[in-house]
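So the structure is just underneath, and the comments pick up after that.
The values are calculated or read from the model by the stated rules, or taken from the named source; none is laboratory data. Please read these numbers as outputs of a predicted model, since none were measured by experiment. Note: ideal-geometry Cβ built from the backbone for every residue, glycine included; neighbour counts use all protein chains shown. Side chains included, ligands, DNA and RNA excluded: accessible areas come from the protein's heavy atoms. Shrake-Rupley method; radii C 1.70, N 1.55, O 1.52, S 1.80 Å.
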Amino acid sequence: MVFVKAVALILSMDKEVLFISMTSLSMAVTSTIIATIPALFLGTILSIKKFPGKSIVIIILNSLMAMPTVVIGLIIYSMISRSGPLGQLGLLFTPWAIIIGQSVLSFPIITSLVYSALSKVDIELTETLDTFGTGRFKKLYMIFRESRIAVLSAILSGFGRVIGEVGVSMMLGGNIRWFTRTITTTIALETSKGEFELALALGIVLIFISFTVNTLLHIGVKSHG
Amino acid sequence: MDSLMIKMDDLEYFYDKNQALSINHLSIKKGITTVFLGSNGSGKTTILKMLSGLIYPSRGVMNNTSEELEKKSVMVHQVPYMFSGTVKYNIDFVLKNKKIKKDNRIKIINNVLKQADLFHLIQRKASELSGGEKQRLAIARAISVDPENLILDEPFAHIDIKSRELIAGLIFQRAELQKTTILSTHDLTSAYRLADRIIYLEDGKIKEPEYNFFKGNISHRDDHFCSFYSQSEKGNITIFAPASEKDHKAVVIPYRDIFLTRDKIESSAQNQLSGEIVLLRKSGSQFFVTIDCGLELKAVITDLSVKKFQLKEKKKIYVNFKASAVRLY
């Protein structure tokens, strides 16, 4: 019965379901894009350059991948809260606070996986590009082109991490209705209240988003080559 | 103009701390097909990468820098990398790299794909090609930019007969145009048929050859023998070899199957040639003797034989070997 009501909520395009879903999606997409740009840069540097302390950077990144979301939420909270160094910006309990937190959350994941993807590039690829006199930037473009599925997977892993997290959104967004309420914070709230219809409806939406993302990746893999 | 593609002295290459290559001296002429022959792990790939400028020597001297070699050479790997995309894209990319205009690119692509018998697969994804087709595409891609030096690492490994013949044909075409091709293989037949010169590698070092190797054509054949007419800088000579119906391009005679006599003798050996010793070189307990018989033949004999026959340079001698000792390729 609860399931039927949940499906009905989705099919009726319930305003709140729609708003929460769009809020979650837009914040996850924005934070993933923000994290991806420096992550691609750092991942590439790590894979092609040798520099002192490189292994330490990799260890830190790998450790940050497993960082609990509430710890990241806590650190950023201490920075953007009224008494924190960035308190004057008034970011706390706004969508931007969530976006910052989610960007920090996904950055090490994307960086680490991009580094891993680019490190696995065949030596034959780089040597083939060298033997044909490929310029530095074109070579980099080709390495990304040939590793695009692995790089895309890295980015989608970052997206998957933020779309499903609850700690950062709850601590930094405050779960404010019609403002910073996301799918996961709503599910947590509604479940605690014993009202499962909305929670289940949003759960279905979350599964649908995850399924869509993976399907797109699968199509990408199939057309690769 | 320098006639040498490369000249290297006291060259060494280390992978981490392991010595992969140690070459006292090596020079390779331009305009010929040179084959590196050796077993797995003998250093063939390492030296080819060095000749392509893809890796730098750890020590030693070369007449060309690695950067110069990289500009002049294109190397095709044993397992060639195919860019994701179509057969056409794979060639188009490297031509674009060379800033060749679109009209010319189309002509070149069509031409090299026809040569490699891949034109019918022009729109096929490169990843969907068979091993032999991929190797042919990789060579077509390399030939498309018309490199000064074409370097092929084991081009005949794991491919079918059709691909083998097509690739051999592409190498012959370059040879006819007197373009430099260097390849590695452990396939003796391909090596002897294609090579103008063979360099033997073992444990990262150049190994003393154990075979006389000449290029030429069969000029006569009957039920018992075929005679092999060889042209060289030193002159022309006919060598009797076992009867064969095939078209052969090279003859190989092991040093150890040659025996030397002071005088012409009656024997079952069909090949008896007179000549003059031009070089006598000691190596361990044996001597390598080079005899000019119109072309230079080498034999390996013991120091006892050298003493017995009082062999020395410029001495006249007869070179004898059986037709059955002659291997045709």
Shape descriptors of segment B:160-244 over alpha-carbon atoms, Rg and Dmax in angstrom, are 15.0, 44
Lysine pairs meeting the criterion (Cα under 29 Å, 8 or more apart or interchain), as found in segment A:2-224: 17
Packing-based ranking, highest mean first, of A:29-37, A:171-179, A:50-58, B:41-49 given that Cβ atoms within 10 Å are counted: B:41-49, A:29-37, A:171-179, A:50-58
Alpha carbon centroid spacing (whole Å) that separates segment B:51-114 from segment A:155-209: 52
Restricting to the protein assembly as shown, compute how many DSSP beta bridges are antiparallel as a %, nearest 5. 75
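Only Lys, Arg, Asp and Glu count, each charged at its Cβ (+1, +1, -1, -1), so figure out the dipole size of the protein assembly as shown about its Cα centre, rounded to 20 debye.
840
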Percent breakdown of C-alpha pair distances by 5 Å bin, ordered from the shortest bin, for segment A:78-133: 4, 16, 14, 13, 10, 9, 8, 7, 6, 8, 6, 1
Given bins 5 angstrom wide, list per bin the percent of all Cα-Cα distances in segment A:106-156, short to long. 5, 22, 28, 20, 14, 8, 3, 0
Given segment B:72-195 reduced to its alpha-carbon atoms as identical point scatterers, what log10 I(q)/I(0) does the Debye formula return at q = 0.09, 0.13, 0.22 Å⁻¹? -0.22, -0.46, -1.38
Which Cα, out of A:Phe137, A:Pro68, A:Ser112, lies furthest along the positive dipole direction of chain A (beta carbon charges, K/R +1, D/E -1)? A:Phe137
Under the 7 Å Cα-to-Cβ spin-label approximation, A:Ser63 and B:Asn104 lie apart by a distance in nanometres of 5.6
Within segment A:11-43, find all residues whose amide N lies under 20 Å from a label point positioned 7 Å from the Cα of A:Ser116 along Cα-to-beta-carbon. A:32-33, A:35-43
Of all accessible heavy-atom area on the protein assembly as shown, the percent that carbon and sulfur account for (1.4 Å): 58
Per-bin percent of Cα-Cα distances, segment B:123-199 [5 Å]: 3, 14, 28, 26, 17, 7, 3, 1
Relative to chain B, whose Cα atoms define the longest principal axis, helix B:102-115 and its Cα axis are tilted in degrees, nearest 10, by 40
Cβ-defined net charge surrounding B:His186, 11 Å radius [Lys, Arg +1; Asp, Glu -1]: -1
Can you report the principal axis dimensions of segment A:2-224 using only the alpha carbons, biggest first, rounded to whole angstrom? 64, 46, 24
In short, segment A:194-225 residues buried by 30 Å² or more of accessible area relative to the isolated chain (1.4 Å probe) are A:Gly225
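Accessible area lost on pairing A with B, both sides, 1.4 Å probe, Å² to nearest 100? All intermediate terms of the calculation are to be shown ahead of the outcome.
Details: alone 12650 and 17170 Å², together 27870 Å².
In total, this chain pair buries about 1900 Å².
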Nearest-20 debye value, chain A charge dipole, Cβ charges on Lys, Arg, Asp, Glu: 460
If you roll a 1.4 Å probe over the heavy atoms of the protein chains, what accessible area per residue do you get for segment A:2-224, in Å²? 51
The value for the protein assembly as shown (convex hull of the alpha-carbon atoms, volume per residue, Å³) is 224
Hydrodynamic radius by Kirkwood for chain B, inverse mean 1/r across distinct Cα pairs, in Å, is 21.8
